[in-house]
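Notes follow the structure.
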Amino acid sequence: LLGGRVAEALVLDDISTGASNDIERATKIVRAMVTKYGMSDRLGPITYGADSSNPFLGKEMGHVSNYSEETAAEIDEEIKSIICDAYDKTKKVLSEHIDLLHRLAGVLFEREKLDADEFLDVMNGKLLPSAFAAARVCRVRCGHHPGRSGSAGNDRAADRSANGTGSEHERINF
């Protein structure tokens with residue numbers, strides 16, 4: 001969940017508000033790990049707080065705190081420690097594989113989304129057909145025959161892109 005924020009910091013040397021939901025979700029997960037599931041070595045296998053939420057009351061009104069302010073501070077420190085550790089590990093992995101990050105960003109810039117096999121192909125250094133070649137495949141599958149509308153040259157370019165022999169403008173080059 002921290003990959004987007006770390007990538008922004010590494011590549012853009014700036015952080016936007018775009019990753020705020022990722023941080024919120026990561027914090028929520030880690031808070032549950034620490035307070036609900038007892039997954040903290042520091043605080044032990046204990047559940048902190050009881051959720052007796054009432055659908056007619058606000059979330060905070062239905063939460064019963066059965067621990068001290070000192071324990072609450074320790075919980076906050078543990079959550080921060082886990083999130084910061086995960087951030088540092090994410091930064092290390094992305095820094096070590098910055099070339100893959102750039103490759104993936106380039107492909108996503110062109111294609112917007114990838115399935116699992118395409119993602120693995122990108123990570124393994126294989127060229128993916130360009131969006132143009134993918135559109136050609138779609139036209140063929142949908143019954144639109146290439147070359148009938150005066151696009152034979154474009155279809156040949158798509159073929160060269162798909163097999164990696166096209167010019168730098170016809171295929172993805174990294």
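For segment 21-34, 3J(HN,Hα) computed residue by residue from phi via the Karplus equation (6.51, -1.76, 1.60; θ = phi - 60°) reads 5, 4, 5, 4, 5, 4, 5, 4, 5, 5, 4, 5, 4, 7 Hz, glycine and proline entered as x.
Residue separation times 0.36 nm, minus the C-alpha to C-alpha distance between ILE23 and LYS113: what's the value?
On the way: separation 90, 0.36 × 90 = 32.40 nm, distance 2.22 nm.
Taking 0.36 nm per residue and subtracting the Cα distance, the gain is 30.2 nm.
Compared with the alpha-carbon gap, the fully stretched path from MET123 to ASP41 is longer by 26.0 nm at 0.36 nm per residue.
Each reported figure results from applying straightforward, stated rules to the coordinates on display, with no laboratory input. In this text the structure is predicted, and so the values were computed from the model without any measurement.
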